[in-house]
Protein chains: 2
Amino acid sequence: MNIGQAARATGVSAKMIRWYEEQGLIPGAARTGAGYRVYGAADLDRLRFIRRARDLGFGVKQIGELLALWGDHARASGDVKRMALEHAAVLEARVAALQEMIGAIRHLAANCHGDARPDCPILDNLAKPETPR
Amino acid sequence: MNIGQAARATGVSAKMIRWYEEQGLIPGAARTGAGYRVYGAADLDRLRFIRRARDLGFGVKQIGELLALWGDHARASGDVKRMALEHAAVLEARVAALQEMIGAIRHLAANCHGDARPDCPILDNLAKPETPR
DNA sequence: GTGGTGCTTCCCATCCTGGCAAGGTCAATC
DNA sequence: GATTGACCTTGCCAGGATGGGAAGCACCAC
């Protein structure tokens, strides 16, 4: 199976497959005489695993750890769970930061009449002299 | 005023001040004979404006637009409001994506006993053969 | 004049992804 | 057998915002 077929089969672009290989997430693929990468069922499983972890927002480093745990049949499920919950907490912190921004923006916009007049509390707030930091 | 003082006065690091200059968000600063950048009150105002916009999650490109509107005394407040609301919508989409991830992770973790046994629904889910995409 | 601090430019790294270019390969069609 | 189009290879560039560091020069206080 060529890289393009593997890409279609797993939902990971050919580009990213090469990159994951470079990053060490997947072993260097076997090659044909002409140098084409060749993928087997186990490779596809690994790529799908990576894609799902990526869809959950895990970074490359964490995916590497998850893969190691996946391959380690003596792993403790507590290790995996801890990783997952720590990651969820990171994502939640990101959400909180975004929501603060959203709240501030919506608050400013609510006070802006938003017509053709130049008067604009949004810009006034961005330009105000105080430096709350 | 030197770049370091301007940085302390505005909360924008010297590194970023140089970068904003390179990106065209601020005009090239005046220089002393020795090549040191010199900042005045108007520059500090502009840097503070940039910092606040950045704190609201606006990107460099949008900050440029906001600065243009700020300087345009004939602007329509509707233009600013539209930008702000569009940006809030983008941030909300980002939040929604993150929350989907968080929900999925927490759901998986809730079904993982998380002790020393290797049994782990989190890994099982990442490894499952279906390819929902 | 000497030391410490601050400024200058330039390069590197992050994190993941896409795009493009130049060249080789494969398979199918004429 | 030759052409063609799709596919593969490597490698470089880009983004968005930020920090780190190195090498060299400037400034100020003592």
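Let me know the mean shielding of B:50-57 by other chains, meaning the per-residue number of their Cβ atoms within 10 Å of its Cβ.
The mean count of partner-chain Cβ atoms within 10 Å per residue comes to 5.
Summary value for the range B:1-59: 38 percent relative contact order, contacts being C-alpha pairs under 8 angstrom separated by 6+ residues. Say R0 is 51 Å: what FRET efficiency, to the nearest 0.05, do A:Glu92 and A:Val38 get from their beta-carbon distance? Efficiency at R0 = 51 Å is approximately 0.80. Shielding value for A:87-95 is 5, the average number of Cβ atoms from other chains within 10 Å of each residue's Cβ.
For chain A, the relative contact order works out to 15 percent when only alpha carbon pairs closer than 8 Å and six or more residues apart are counted.
Which residue, B:Ala9, B:Ala116, B:Ala68, has the largest displacement toward the positive end of the dipole of chain B when charges sit on each Cβ (Lys, Arg +1; Asp, Glu -1)? In chain B, that residue is B:Ala9.
Think of the axis that spins chain A onto B; the A residue whose C-beta lies nearest it, and the distance in whole Å, is A:Val95, 3. Listed peptides B:105-113, A:52-60 appear in the order A:52-60, B:105-113 once ranked by packing, highest mean of other Cβ atoms within 10 Å at the front.
Label-point spacing for A:Ala68 across the identical copies (point 7 Å from Cα in the Cβ direction), in nm and ascending order: 4.9.
Summing Lys and Arg as +1 and Asp and Glu as -1 over all other residues whose Cβ lies under 12 Å from the Cβ of A:Met16 gives a net charge of +2. Here the simple spin-label model places points 7 Å from the Cα toward Cβ, and for B:Glu100 and B:Glu21 these points are separated by 4.4 nm. Label-point spacing at A:Gly40 relative to the other copies reads 7.3 nm, in ascending order, each point sitting 7 Å out from Cα along Cα→Cβ.
Please label the shape of the range A:1-72 as rounded, prolate or oblate, based on the square roots a ≥ b ≥ c of the eigenvalues of the alpha-carbon gyration tensor (a/c under 1.5 means rounded; beyond that, a/b larger than b/c means prolate, else oblate). The shape class here is prolate. Across identical copies of the chain, B:Gly24 has label-point separations of 4.1 nm, listed in ascending order, with the point defined 7 angstrom from Cα along Cα→Cβ. Rg and Dmax of the protein assembly as shown, both derived from C-alpha coordinates alone, stand at 24.9, 70 Å. Treating each Cα of the range B:76-133 as an identical point scatterer and summing with the Debye formula, the log10 of I(q)/I(0) at q = 0.16, 0.18, 0.24 Å⁻¹ comes to -0.67, -0.75, -0.97.
Bear in mind that the values in this text are calculations on the coordinates, not laboratory data. Computed from a prediction, not measured in an experiment: that's the story for all the values here. Cβ: placed from backbone, ideal geometry, glycine included. Neighbour counts: every protein chain shown.
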